[in-house]
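> Supplied in C-alpha cells, the structure appears directly below.
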Amino acid sequence: MTWRSGLIDRRSFMKAAGITFAAALSPQSLRALEQTDAVYASGFRGADGSFGIATVSERGEIVDRVALPARAHGMALCPSSGHVVAFARRPGTFAMIFRADRTAEPIMIAAPEGRHFYGHGAFSPEGRFLYASENDFEGNRGMIGLYHASDRFTRIGEFDAHGIGTHDMTVSDDGAMLVVANGGIETHPDFGRTKLNTDRMEPSLVLLDARDGRLIQKHTLPSTLRQLSTRHLAVGDDEQVWFAGQWEGARNASPPLVGYLRRGDDISLVTLPERVTEGLANYVGAIAVNRREGIVGLTSPKGGSAVTLDARTGEVLREERITDAAGVAPAAEGIAVSSYRGRFNDTLSDVAWDQHIIRLA
C-alpha cells in the first residue's frame, strides 16, 4: 500500500489551464495567480448568501469562482484528470464535478433515492472511479457510492462502510484500499442535522478493499471514547493515516481528539496538553498533513484555534488563535488556514469560507 503525494505549483496549474482561462481572469486575479506558489480550492458563502467554490492563491486572494446551488462541505481532486468534486453538506444530495481551469462544463450528479451525501469522497489514482461517503438513512448504515468518471460519473454500485455516520474517506496511492471514518452518529433527513444517538454512538475507522469493498480491518474506539466521533482524515508518510474527532460527551471531559493508524496496527491516540484540548473546544473541524515538513495541522471553529503538530512525535509545535478557524491544507511552508469570517492566510475577503480546503494538484 502506498499513498500519493505530488502537489503541483502555480506554473503547472497555469500551463494546464491555458491561455483561455488566463484571459478570462480580471487583472487583479491574474496578478494574484502569477505571484502565488500554490493554488487552492475552498467552498464559500458569499455576502449575498450565494454559495460556490473559489480558486484561491496561497496568500488567500480569490482567483476565480464557480457557483453552487447550495452549501458544499468537502472536496476531492483527481490528480490525473484535474477534476474537482464538491459534495453537498449533509443531508444534501448533490455533487458537482468541474475543472478549476474551466476547460470543461461542470457535471452535476445526485445521490440515489434513499441516500444522501455525507460531504466527502475521493478519486481512484488513475481517475477512473469516484468514491463518495453516503448515508442509507432508512437502513441506518453508511455506504460508499461508486461513480464511473468516464461515463459522466454514473453511479455503478456501492460498498458497505461497516459503520454509521460515514463521513470522510481517502484512497491509497495504488488504489487498492479505501480508508473510511465512520463518525458513529445516526442521522435522518426527516430530522435535519439532528444527532439521534449521542448516548449510543459507534465511531470506527475502516479499511476496505477498493476492488470489491471487502472489509480488511475495522478499528473501534475504547468504550470510554464511544462519544468521540471519528470525522476527518489526512494521509502522512509511511502509510500513516491521521484522523481527527469531535467529542459529543460531557463538556468538562478532555478526551484525545487526534490519532493515527497504519494497516496491520491498532489505533494510536495522541494525548495533547490539556490547554490545547481546551483550546480546540473538544472539536477538530479539519485536519491536514504537510508531508514535506512532517507536520499535522488542526483547526477548531468552536475553539477558534489552529494547532500544528510534529507528525513523528505528536508534539505541539504551534498554537494560533483564529476566530472561527475553518479549513486547513498543506502550504509551501507550514499550513494554510481559513476562517468562517473570510480570512484565508493573510487575506480577508467578503466571503465566509467553508470548513475544508484542498490544494490543487
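The values are calculated or read from the model by the stated rules, or taken from the named source; none is laboratory data. Predicted, not measured: the structure shown is a model, and the values here were computed from it. Reconstructed Cβ throughout: ideal geometry from the backbone, glycine too, with neighbour counts over all protein chains shown. SASA here: full protein model, heavy atoms, side chains in, ligands and nucleic acids out. Shrake-Rupley method; radii C 1.70, N 1.55, O 1.52, S 1.80 Å.
> On the given criteria, is Phe153 among the aromatic types (Phe, Trp, Tyr) and more than 21 Å from Ala181 (Cβ to Cβ)?
yes
> What residue, among those in region 228-257 that are polar (S, T, N, Q) and open to solvent by less than 40 Å² (accessible area, probe 1.4 Å), is farthest from Gly157 (Cα to Cα)?
Among those that are polar (S, T, N, Q) and open to solvent by less than 40 Å² (accessible area, probe 1.4 Å), it is Gln246.
> Follow-up. Say we look at region 302-313 and pick out the residues that are in a strand (DSSP E or B) and β-branched (Val, Ile, Thr); which of these is farthest from Val235 (Cα to Cα)?
Here the residue is Val307.
> Please go through region 292-303 and give me each residue that is of a type outside the set (S, T, N, Q) and either buried (at least 18 other Cβ atoms within 10 Å of the Cβ) or under 18 Å from the mean Cα position of the chain (by Cα) (or both), ordered by number.
Hits for region 292-303 are Ile295, Val296, Gly297, Leu298, Pro301, Lys302, Gly303.
Conditions (1) at pLDDT 95 or above; (2) closer than 18 Å to Arg263 by Cβ, marked per residue:
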site: Leu130; (1), (2): yes, no
site: Asp136; (1), (2): yes, no
site: Gly145; (1), (2): yes, no
site: Asp151; (1), (2): no, no
site: Ile164; (1), (2): yes, no
site: Ala181; (1), (2): yes, yes
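> For region 77-143, which fully contained strands (runs of 3 or more DSSP E) count at least 3 residues that are farther than 21 Å from Arg211 by Cα and open to solvent by less than 20 Å² (accessible area, probe 1.4 Å)?
83-88, 94-99, 115-123
> Any residue at all in region 278-285 that's of a type in the set (Val, Ile, Thr), in a loop (DSSP other than H, G, I, E, B) and exposed (fewer than 15 other Cβ atoms within 10 Å of the Cβ)?
Scanning region 278-285 turns up no residue that is of a type in the set (Val, Ile, Thr), in a loop (DSSP other than H, G, I, E, B) and exposed (fewer than 15 other Cβ atoms within 10 Å of the Cβ).
> What tally of residues in region 314-349 results from selecting those that are open to solvent by 20 Å² or more (accessible area, probe 1.4 Å) and either at pLDDT below 95 or part of a strand (DSSP E or B) (or both)?
15
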